[in-house]
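Below: one structure, written as structure tokens.
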Amino acid sequence: MQILLVNPPIYDFTCYDYWLKPLGLLYVASFLRKNGVSFDFFDFMDRRSPFLERKNKSRFLSTGKFRKEDAIKKEIFDWFKRPYFRYGVSKEKFLDFISNKSYDYVFITSMMTYWYEGIEEVIESVKKKNPNAKTIVGGVYAKLLPEHAKNLGCDFVFSGNVENLYQFLKDNTDIDVKKSFKVEELVPSYDLYKELESAAVLTQVGCPYRCSYCAVSILHNGFYSLPFENILKQLDLLESLNVKDITFYDDALLFKKEKHFLPLFEKIIEKNYSFRFNFSNGLHTRFIEKDVVDIFKKINLGMLSLSIETVSKDILTKTGNKTNLDEIEKALDLLLKNGFDGRKIFCYILVGLPDERMEDVINTAKYLKEKRVRIVLNEFTPVPKTDFYNRYENIITDPLLTNKSVFPSYYKYSEEEVQNLKNLVRSFNRETKKYYERV
């Protein structure tokens with residue numbers, strides 16, 4: 001029995017490696033190992049891949065540029081002026097890798113629903129070299145758009161989580177798995193990488209919130225924390241692999257912090273790990289209090305991010321009341337008064353929300369500029385099965401149109417307006433950088 005796990009290439013207008021890792025696929029790898037099933041592993045998006053002829057140097061906190069090549073845009077993008085690219089290890093290298101193999105099953109993971117072209121490429125390559133191989137597509141895209149995934153030419157679509165994998169394989173394959181495992185019994189198989197600078201860690205599954213633009217509560221059944229023992233095992237493995245930077249993929253890391261974040265990080269601090277800690281999934285400003293700030297001061301902090309989204313009271317209410325202006329103000333003031341460098345405080349704001357005006361976005365950016373923190377624009381895109389997606393379903397004829405670079409210009413703003421906004425934010429961030437260089 002020969003099995004291959006694949007993280008596919010990405011087709012997009014822009015793509016940068018902010019600690020992007022196929023965490024779900026690494027959990028699948030751990031599941032297979034625990035069942036005594038051997039497999040090969042190929043990650044197109046590994047910036048340190050041995051299949052890359054030239055490796056781009058890492059930049060800020062082990063982030064960096066992916067290898068890229070020009071790609072042909074589909075007709076649906078003819079109106080959009082920006083160039084299109086294929087990111088990751090070349091198709092030829094993958095074909096060479098599988099040419100002398102005879103795989104029985106190929107597992108292909110997925111992330112953004114508008115990245116399906118990379119999955120399509122892998123399926124075509126596998127069918128070309130291993131026509132008898134059965135392809136299984138899983139991951140976020142497979143869960144949100146299973147019918148669309150079936151039309152890519154794969155043999156199976158797995159729309160569950162790792163807890164459901166045992167039964168799926170028993171029902172659909174002859175892979176000899178003997179036992180089911182829960183997430184808390186598994187540790188992502190990061191040792192599959194030959195060279196690893198950064199990694200993503202999960203300490204909780206799901207999210208307690210139901211934001212109208214987010215699909216996390218749809219992707220996961222409920223919300224729960226992983227045992228501290230499991231989390232420390234994840235970190236122990238990463239320490240043994242000499243990882244420099246880790247980030248947390250949790251969507252509500254500070255929720256009920258007295259039971260989770262605070263005691264967990266006291267244990268982490270005791271372990272005296274050598275890597276930098278990054279919090280790239282926006283933290284809730286509501287929970288940024290002195291006890292959390294004290295933890296940040298004790299660790300080797302690389303960066304932290306805050307889910308600001310907007311300072312418009314009306315839009316904050318419509319998106320779920322996750323925070324308010326008073327909480328945003330309190331969180332930022334607490335961090336800055338405790339000596340944190342504003343360049344390391346990434347404040348996410350959303351562009352293109354329903355009922356939003358460009359004036360709202362600019363006002364939010366101006367507010368953050370005065371706070372002297374780093375402003376990060378996140379283009380809104382409707383995610384399938386969310387409340388906001390239902391508002392635009394009739395104009396989304398292809399998942400490609402929900403690309404974050406495209407959608408705000410497709411239904412709301414012109415390309416020029418979006419570009420002018422980006423230029424404005426860049427100028428604000430330059431001013432903030434100059435301020436900290438002077439003080």
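The values are calculated or read from the model by the stated rules, or taken from the named source; none is laboratory data. Treat the numbers as computed from the prediction; the structure is a model and nothing was measured. Cβ sites come from the backbone with ideal geometry, for glycine too, and all protein chains shown count toward neighbours.
List of remarks:
- Residue among ASP314, ASP326 that alone is at pLDDT below 95, surrounded by fewer than 18 Cβ atoms within 10 Å (Cβ to Cβ) and touching an Asp or Glu at 6+ places or on another chain (Cβ under 8 Å): ASP314
- All of SER217, SER212 fail the test of being under 23 Å from LYS322 (Cα atoms), without any contact (Cβ under 8 Å) to a residue 40 or more places away in the chain and of a type outside the set (Phe, Trp, Tyr), apart from SER217.
- Subset tally (residues that are touching a residue at least 40 places away in the same chain (Cβ under 8 Å), farther than 21 Å from TYR249 by Cα and either touching a strand residue (DSSP E or B) at 6+ places or on another chain (Cβ under 7 Å) or charged (D, E, K, R) (or both)) for segment 290-318: 4
- Given (1) assigned by TED's automatic domain parsing to the domain that holds GLU266; (2) closer than 28 Å to ASN378 by Cβ; (3) in a loop (DSSP other than H, G, I, E, B), index of the condition PRO188 fails: (1)
- Exactly one residue out of TYR273, TYR348 is more than 30 Å from GLU416 (Cβ to Cβ) and of a type in the set (Ser, Thr, Tyr): that is TYR273.
- Residue list for segment 56-75, restricted to those being over 28 Å from PHE277 (Cβ atoms), more than 20 Å from the chain's Cα centre (by Cα) and surrounded by 14 or more Cβ atoms within 10 Å (Cβ to Cβ): ALA71, LYS73
- LEU5 of a type in the set (A, V, I, L, M, F, W, C) and more than 30 Å from TYR411 (Cα to Cα): yes
- Against the test of being farther than 22 Å from LYS256 by Cα, of a type in the set (Asp, Glu) and assigned by TED's automatic domain parsing to the domain that holds HIS260, the options ASP326, ASP291, ASP341 yield a single qualifying residue, ASP341.
- Scope segment 347-374; condition within 16 Å of LEU301 (Cβ to Cβ) and either aliphatic (A, V, I, L, M) or in contact (Cβ under 8 Å) with a residue 60 or more places away in the chain (or both); matching residues: VAL373
- Against the test of being in contact (Cβ under 8 Å) with a residue 24 or more places away in the chain, part of a helix (DSSP H, G or I), basic (Lys, Arg) and farther than 20 Å from ASP398 by Cα, the options LYS128, LYS143 yield a single qualifying residue, LYS128.
- Note on segment 104-122: residues that are closer than 19 Å to PHE39 by Cα and either of a type in the set (D, E, K, R) or surrounded by fewer than 21 Cβ atoms within 10 Å (Cβ to Cβ) (or both) amount to 1.
Matching residues to (1) crowded, with 17+ Cβ neighbours inside 10 Å; (2) among the aliphatic types (A, V, I, L, M); (3) assigned to a helix (DSSP H, G or I); (4) at pLDDT 95 or above:
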site	(1), (2), (3), (4)
LEU165	yes, yes, yes, yes
LEU169	yes, yes, yes, yes
CYS214	yes, no, no, no
SER217	yes, no, yes, no
LYS233	no, no, yes, yes
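- Residues considered: PHE287, PHE275, PHE248, PHE255. Of these, the only one that is out of contact with any helix residue (DSSP H, G or I) (no Cβ under 9 Å at 6 or more places or on another chain) and surrounded by 15 or more Cβ atoms within 10 Å (Cβ to Cβ) is PHE248.
- Segment 249-302, residues that are assigned to a loop (DSSP other than H, G, I, E, B), hydrophobic (A, V, I, L, M, F, W, C) and under 15 Å from THR323 (Cβ atoms): ALA252, LEU253, LEU254, PHE255, ILE288
- Where a residue in segment 18-38 is in contact (Cβ under 8 Å) with a residue 12 or more places away in the chain and its partner, wherever it lies, is assigned to a helix (DSSP H, G or I), with Cβ under 7 Å and at least six apart: LEU26/TYR190; TYR27/VAL162; TYR27/VAL183; VAL28/VAL162; VAL28/LEU165; ALA29/LEU192; PHE31/VAL162; PHE31/LEU165
- Flag not set for TYR87, criterion: over 25 Å from the mean Cα position of the chain (by Cα), of a type in the set (Ser, Thr, Tyr) and buried (at least 21 other Cβ atoms within 10 Å of the Cβ).
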